[in-house]
Amino acid sequence: MMLYIVIAFLWWSILLYLLMGGADYGAGILELLTREGNRAGLKKTAYRAIGPIWEANHMWLIIAVVIIFVGFPDVYSLVSVHLHIPLTIMLMGIIARGTAFTFRNYDAVHDSWHRLYDRIYMYSSFITPMFLGIIAATAISGRIDTDATDFPSGYILNWFNWFPLSVGLFTVCLCGSLAAIFLAGEVPGSDEKWRFIRKAKQMNGLATLFMVLLFVSASLQGIPLFRWLFGNVISLIADVIAAASLAMTWYMIYQSRVKTSRFYAGLMVMSLLISVSYPHFPNIVLLKNGGSLSILDHAAPSATINALGIALLAGSVFILPALVYLIWSFAKKRSVVDEDH
Amino acid sequence: MDDFLAARSQMALSLGFHIIFSCIGMVMPFFMAVSHYLWLRTGNENYKNVTKAWSKGVAIFFATGAVSGTVLSFELGLLWPTFMKHAGPIFGMPFSLEGTAFFIEAIALGFYLYGWDKFNRWFHWLTGVMVGITGIASGILVVAANSWMNSPSGFDFVNGQYLNIDPMKAMFNQGWFSQALHMCIAAFAATGFAVAGIHALMMLRKQNVGFHKASFKISAVFAIVAAFLQPLSGDISAKFVAKSQPAKLAAMEAHFKTDTHVPLIIGGIPDTKKQEVNYAIKLPGVLSWMITGDPAKPVTGLDRILVKDQPPVAVTHYAFQIMVGLGMMMMAIGAIGLAAFFKWRQWLHQPWFLKLFIAATPAGFIAVEAGWTVTEVGRQPWIINGVMRTADAVTPMPGIQYSFYLFTAVYVTLSIVVVFLLKRQIQMVPVIYDKPQLNPAL
Ligand code: HDD
Ligand code: HEM
Ligand code: HEM
């Protein structure tokens, strides 16, 4: 029982990281795709909207990692060994993005250094979600080779191939469109709002493109993605909800109810995550030799799982109200400030 | 460089980097809260400026601390997968509680940094205090995880299997209290002296004296109190080490032969081949007395430890000497500081007094790094004391040295940038906070 609670927490942390951390990275991705002249406005909007909660947004990743290394140590150590290189690149992205974000907002002097911070911030906002996508895709792509005898097949070829790369790019576009939809609701002027909506559209288009690439590469590499996503009832329902949410997102945007559209965008991501994670549950790592790591069989001993579950439940009693209050109160204060402008 | 050495060096580098930021993240919120409180109570603008200036510094340090911590939580697996595979479920309890502490800390920091003039003044102040409390809590928890590596408990090790796991017992292992206490005090001492030193420098340069004097007083008081407590808690730690890790204690003291009336060795150059220490000051019987309470009682030396289980003596010994030496020095400076605060207040403006504190700026952090070297190198060759060898825990992936070079480059660059930003922050004080000095006598 407790094991399922822990797994639920893990799943939610991943989802929330994808949504909140994703929107956070997305702001940097949008900046990268914005013309130099328009960047200053975007930077200000993003800072105002994300500043107070950005630290909290990234806590979901830490929670997820802690759950994995305490509760599912076999998964943690296997993935750490075989995906050492993409994990390291992702860590570099996390370091660069977190520090550059802070430096550019807190450096007391405004001079040419800021151009450097901005650069680093934008590129690392792109790299980090890209590699998160690559890592997640590799885990389920059945290419991790625990019996490899040479370096490339043990540590590189498992992740460096088309399927993970296209999942990575898809993740990037997802983050970008989440950010655009989120930020469109944060700006007062309709000009600015439409700029974000145009960005959201572009990101959606690109995401579709990479989705096609993703299916093609999956079928070329023998990954049963199609069967996973459409071969069972739960995934099918989730797919339908995802498609409907996408439609609703755009409907709401054109009804000028941008804040409502956020809800549907979130629902879409959630359904997508259900659709991909359900079919191979409880296996979360698939190996080349046909083996797999099931999170039910490879969980820590029950004493640990019980303690972890209690810690998570107790923690959420403190965290959730505080987090909701944080988001709510700054959202409220922001609208007050907007009226002053 | 072989992979094993590279992995150890990378771990040491990452932790040595992170610990600086975590000390500051634990302690600065308290300095801010005091200064913020004084502002709310007295209305003195200097305190408001100090609080705001510090909070900007804290934002920079916090972000760097958070990313370096995130990196660590992956690095444990990237470098020591075998260790984590077995240890994760046992010593994971503090980490899972720490997650909550971090989260609340990040939320409270969001309120504090972005909440100026937006919330009730005392609610805003309280969120600052919360940042400090949760920071200390996460420090205590993570040190409890480390002390488990030194004094493992909460499981039975039978035929290479880890059975009967009890995460609570593992968290409250025998070492957690002495180590967490010593670490928390160390954080206050290190951060206190560093901050006091920087503001003393600005006072010496006669820049915004009111501002820097307010900052100096707050940080120096914390530093002095911590400097007096530190040796006391160090003594508790040493007694614990003697009981649980005799090999570490012997290496710290370069104590080769088990004997009674063992002298306390100060300084000196250990010669591991001849098993003696040259050029040292030896206080007869003092080590026996400190550890056992009786100068005539024996203390285990390295001769009772199998050679393959002995930690590197020289590094551990030097690091211990550095930590204790700096601790004594900080206490002496603390005594002079006390005299200045309570009796000879004119000293506070005299260059020699300020120079003393300027000289002590890095002392606490050097002691912290040295102390961790004692703890970690002194535990070698074990990653889990007496249970798992470090060499058996390392990742099978080849080429770790490139990863080490990469991390070194990144951390060196980051350190430079952080120092550079801090300098700019301080340079900007006259520009941003150029208010008339309401109360220069403060
Ligand atoms: C400001 C920093 C500072 C200062 C002045 C001191 N220490 Fe320390 N010491 C630390 C900072 C530190 C530390 C970095 O915080 C360590 C590393 C691990 C730990 O828990 O604390 C530590 C570890 C540590 C250990 C090893 C604990 C273990 O491995 O479990 C001992 C025996 C001492 N200390 C003893 C002392 C003594 C006798 C001091 C006398 C002045 C002293 N320390 C001053
Ligand atoms: C909870 C906190 C900590 C944990 C879980 C931890 C864990 C580890 C691990 C797994 C290793 C590698 C294996 C080994 O060499 O024993 C290591 C080594 C090391 N750590 Fe720690 N550590 C902690 C705190 C620190 C801190 C704060 C420092 C600060 C300087 C530090 C300094 C070192 C050093 C110098 C080594 C290398 C020792 C050697 O290989 O000779 N550690 N630590
Ligand atoms: C003795 C060593 C350590 C101490 C005293 C310590 C303490 C702290 C503190 C006080 C923070 C709060 C961040 C800040 O205010 O700057 C922090 C951040 C963090 N630490 Fe450590 N830490 C230590 C070692 C470790 C280790 C070994 C890990 C990895 C498993 C780790 C993981 C983290 C993480 C993930 C964060 C970021 C959370 C945040 O943003 O608040 N720490 N650490």
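Readers should treat all values here as calculations from the given coordinates under stated rules, not as data from a laboratory. This structure is a prediction, so every number in the text was calculated from the model and none was measured. Cβ atoms come from the backbone with ideal geometry, glycine included; neighbour counts cover every protein chain shown.
Here is how the numbers come out for the structure above:
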read-out	value
Selection count where residues are facing another protein chain (nearest Cβ under 7 Å) and within 16 Å of ligand 2 (Cβ to nearest atom), scope segment B:99-128	2
Hits in segment B:51-81 (condition: within 7 Å of chain A (Cβ to nearest Cβ) and either more than 14 Å from A:Thr88 (Cα to Cα) or within 16 Å of ligand 1 (Cβ to nearest atom) (or both))	B:Lys56, B:Ala59, B:Ile60, B:Ala63, B:Thr64, B:Ala66, B:Pro81
Test: residue in segment B:177-190 that is buried (at least 23 other Cβ atoms within 10 Å of the Cβ) and more than 27 Å from B:Ala359 (Cα to Cα)	yes
Of the criteria (1) of a type outside the set (A, V, I, L, M, F, W, C); (2) crowded, with 23+ Cβ neighbours inside 10 Å; (3) more than 11 Å from ligand 3 (Cβ to nearest atom); (4) within 28 Å of B:Gly234 (Cα to Cα), which one B:Gly128 fails	(4)
Hits in segment B:19-46 - residues which are buried (at least 24 other Cβ atoms within 10 Å of the Cβ) and over 28 Å from B:Glu369 (Cα atoms)	B:Ser35, B:His36, B:Asn46
Which listed residue is part of a loop (DSSP other than H, G, I, E, B), more than 9 Å from ligand 2 (Cβ to nearest atom) and not polar (S, T, N, Q), from B:Gly364, B:Gly325, B:Gly386, B:Gly337	B:Gly386
Count of residues meeting criterion [over 16 Å from A:Phe131 (Cβ atoms) and touching a Leu at 6+ places or on another chain (Cβ under 6 Å)] in segment A:1-32	5
Among residues of segment A:158-178, those that are among the hydrophobic types (A, V, I, L, M, F, W, C), away from chain B (no Cβ under 14 Å) and not in a helix (DSSP H, G or I), counted	1
Residue count, segment A:153-208 (criterion: of a type in the set (Ser, Thr, Tyr) and closer than 15 Å to A:Ser261 by Cα)	1
Search result, residues across segment A:187-209 that are surrounded by 18 or more Cβ atoms within 10 Å (Cβ to Cβ) and small (Gly, Ala, Ser)	A:Ala200, A:Ala207
Selection count, segment A:293-309, where residues are free of Cβ contacts under 8 Å to residues at least 24 places away in the same chain and either more than 8 Å from chain B (Cβ to nearest Cβ) or surrounded by 21 or more Cβ atoms within 10 Å (Cβ to Cβ) (or both)	3
Residues (more than 30 Å from B:Gly110 (Cβ to Cβ) and out of contact with any Leu (no Cβ under 8 Å at 6 or more places or on another chain)) located in segment B:132-156	B:Ser147, B:Trp148, B:Met149, B:Asn150, B:Ser151, B:Pro152, B:Ser153, B:Gly154
Test result for A:Asp111, surrounded by fewer than 19 Cβ atoms within 10 Å (Cβ to Cβ) and within 13 Å of chain B (Cβ to nearest Cβ)	yes
Test: B:Gly154 is within 16 Å of ligand 2 (Cβ to nearest atom) and either touching a strand residue (DSSP E or B) at 6+ places or on another chain (Cβ under 7 Å) or not in a helix (DSSP H, G or I) (or both)	yes
Per-region count, segment B:368-391, residues small (Gly, Ala, Ser) and either surrounded by fewer than 19 Cβ atoms within 10 Å (Cβ to Cβ) or more than 10 Å from ligand 1 (Cβ to nearest atom) (or both)	2
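Condition check ((1) touching a helix residue (DSSP H, G or I) at 6+ places or on another chain (Cβ under 9 Å); (2) without any contact (Cβ under 8 Å) to a residue 60 or more places away in the chain) across all residues:
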position: A:Tyr251; (1), (2): yes, yes
position: A:Gln255; (1), (2): yes, yes
position: A:Arg262; (1), (2): yes, no
position: A:Met268; (1), (2): yes, yes
position: A:Ser271; (1), (2): yes, yes
position: A:Ile274; (1), (2): yes, yes
position: A:Tyr278; (1), (2): yes, yes
position: A:Val285; (1), (2): yes, no
position: A:Asn289; (1), (2): no, no
